[in-house]
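Undergrad: Provided herewith is a single structure, encoded as structure tokens, for subsequent inquiry.
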Amino acid sequence: MTLVARRLRQELYKTGDLESVWINHCRNVPCLKKYASSMHKLATEHWEQLRVSNPATSRINWTWSFLQYYFFSGGLQQHRQKSNSDTEWPKLILNESKVAVLDVGSCYNPFGEYEELDVLSIDLCPALESVYQCDFLNIPLGKTTVIDGQSVLSLATNQFHCIVFSFLLEYFPSPSQRWTCCEKAHLLLLREGILIIITPDSKAAHSNSKVMRSWREALSAIGFKRIKYEKLQHAHCMAFRKNSVESVLKAEDRELLASKMYIPQDFYNPSDSENEEKDEIKFTEAELAEGFTNLPLFDE
């Protein structure tokens, strides 16, 4: 687990105040900048090389391959037929034959290289000018997407064909935050749009099958149907299709469903870690590289 994510869980365990923990994290600019710089270096110097040398392990390649299939090679039509519904599906119109993609938590805008994609990359603390600053957890939703300089002030509902959560959800210390992100994604996507979720795991596919099944159940209640799953060497890759309009859930139902967006670390006492940190966050690029290369996020 990265040191930053571990520290967030430690703070939540100590205080129990999820809102203040996240606010304080977002205000810790030196930490965010250091993390962004280190992750950018890791992505461009390690992940991109691995993507070329071993394409089958790349989550970028996996995502692009699925988007090609779904939007340009008949996948959308196939899933309309499989739905066995009498609903008259609206025609999903591409803007100038481009797929509108929202890449959340984007480290270096890896999807910007594809001409078929119209990408808006956002991150809490961007490392590049091609990525815009945005706290997705708290961003207002409205009729239009508003960008001021390098910051996104609001996002438009029913605008995107695809939203990508790549190595994003496990960053949050609480299942409720992961649930909120997925609910927002449902609002932002056009009907029949796709939510891509990629989460790290170096174990065999069956080792954390309960976690992935729990996520699928929670997302189904929002209105997402999982239509693709594949376990890569170091990650679970999933594609969810927005099948329905927004559902109305009771407060108690939402709380129960949100709890299903858990990871094993949510049940650990962070203070028991052998590598418990001091008050000041300190980490090196080598530590980040090791953590994200081995991807032990779901290790018990």
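Undergrad: Modelled with pLDDT under 95, open to solvent by less than 50 Å² (accessible area, probe 1.4 Å) and among the hydroxyl-bearing types (Ser, Thr, Tyr): does that describe residue 247?
TA: So residue 247 fails the test.
Undergrad: Can you tell me how many residues in the stretch 116-129 are open to solvent by less than 60 Å² (accessible area, probe 1.4 Å), more than 26 Å from residue 176 (Cβ to Cβ) and charged (D, E, K, R)?
TA: Residues flagged as open to solvent by less than 60 Å² (accessible area, probe 1.4 Å), more than 26 Å from residue 176 (Cβ to Cβ) and charged (D, E, K, R) within the stretch 116-129 amount to 0.
Undergrad: When both residues are 6+ apart or on different chains and their Cβ atoms are under 8 Å apart, which pairs have a first residue that lies in the stretch 198-223 and is over 20 Å from residue 241 (Cα atoms), and a second that is in a helix (DSSP H, G or I) and hydroxyl-bearing (Ser, Thr, Tyr)?
TA: 201/207
Undergrad: Which ones in the stretch 1-26 are touching a helix residue (DSSP H, G or I) at 6+ places or on another chain (Cβ under 7 Å), under 26 Å from residue 201 (Cα atoms) and open to solvent by 20 Å² or more (accessible area, probe 1.4 Å)?
TA: Across the stretch 1-26, the qualifying residues are 1, 3, 6, 9, 11, 12, 13, 18.
Undergrad: Next up: Residue by residue through the stretch 163-204, note down the ones that are surrounded by fewer than 20 Cβ atoms within 10 Å (Cβ to Cβ) and in a strand (DSSP E or B).
TA: Correct list: 190, 191, 192.
Undergrad: Report whether or not residue 132 is modelled with pLDDT of 95 or more and buried (at least 18 other Cβ atoms within 10 Å of the Cβ).
TA: Spelling it out, residue 132 is indeed modelled with pLDDT of 95 or more and buried (at least 18 other Cβ atoms within 10 Å of the Cβ).
Undergrad: Considering the stretch 75-90 alone, what residues qualify as being modelled with pLDDT under 80 and either in contact with a strand residue (DSSP E or B) (Cβ under 7 Å, 6 or more places away or on another chain) or at positive phi (or both)?
TA: Of everything in the stretch 75-90, those that are modelled with pLDDT under 80 and either in contact with a strand residue (DSSP E or B) (Cβ under 7 Å, 6 or more places away or on another chain) or at positive phi (or both) turn out to be 84, 89, 90.
Undergrad: What's the number of the condition residue 160 fails, among (1) open to solvent by 70 Å² or more (accessible area, probe 1.4 Å); (2) under 26 Å from residue 238 (Cβ atoms)?
TA: (1)
Undergrad: Looking for whichever is open to solvent by 60 Å² or more (accessible area, probe 1.4 Å), in contact (Cβ under 8 Å) with a residue 24 or more places away in the chain and within 21 Å of residue 199 (Cα to Cα) here; the options are 41, 34. Which one fits?
TA: So the residue among 41, 34 that is open to solvent by 60 Å² or more (accessible area, probe 1.4 Å), in contact (Cβ under 8 Å) with a residue 24 or more places away in the chain and within 21 Å of residue 199 (Cα to Cα) is 41.
Undergrad: Restricting attention to the stretch 63-99, and to residues there that are among the aliphatic types (A, V, I, L, M) and either surrounded by fewer than 19 Cβ atoms within 10 Å (Cβ to Cβ) or assigned to a helix (DSSP H, G or I) (or both), which single residue is nearest to the chain's Cα centre (by Cα)?
TA: Checked the stretch 63-99; the qualifying residue nearest to the chain's Cα centre (by Cα) is 67.
Undergrad: Can you tell me which of 122, 93 is at pLDDT below 90 and of a type in the set (Val, Ile, Thr)?
TA: Among 122, 93, only 93 is at pLDDT below 90 and of a type in the set (Val, Ile, Thr).
Undergrad: Against the definition (under 26 Å from residue 75 (Cα atoms) and in contact (Cβ under 8 Å) with a residue 12 or more places away in the chain), how does residue 152 come out, yes or no?
TA: no
Undergrad: Can I ask one more? Give the residue that is surrounded by the fewest Cβ atoms within 10 Å (Cβ to Cβ), with candidates limited to residues of the stretch 100-111 that are touching a residue at least 24 places away in the same chain (Cβ under 8 Å) and more than 22 Å from residue 158 (Cβ to Cβ).
TA: Step by step, filter the stretch 100-111, then rank; the result is 108.
Condition check ((1) within 27 Å of residue 96 (Cα to Cα); (2) at pLDDT 95 or above; (3) touching a helix residue (DSSP H, G or I) at 6+ places or on another chain (Cβ under 8 Å)) across all residues:
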residue	(1), (2), (3)
201	no, no, yes
207	no, no, no
219	no, yes, yes
240	yes, yes, yes
251	no, no, no
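The values are calculated or read from the model by the stated rules, or taken from the named source; none is laboratory data. Just so we're clear, the structure is a prediction, and the values are computed from it rather than from any experiment. Every residue, glycine as well, gets a Cβ built from its backbone with ideal geometry; the counts of neighbours run over all protein chains shown. Just so you know, the surface numbers come from the protein's heavy atoms only, side chains and all, with ligands and any DNA or RNA stripped out. Shrake-Rupley method; radii C 1.70, N 1.55, O 1.52, S 1.80 Å.
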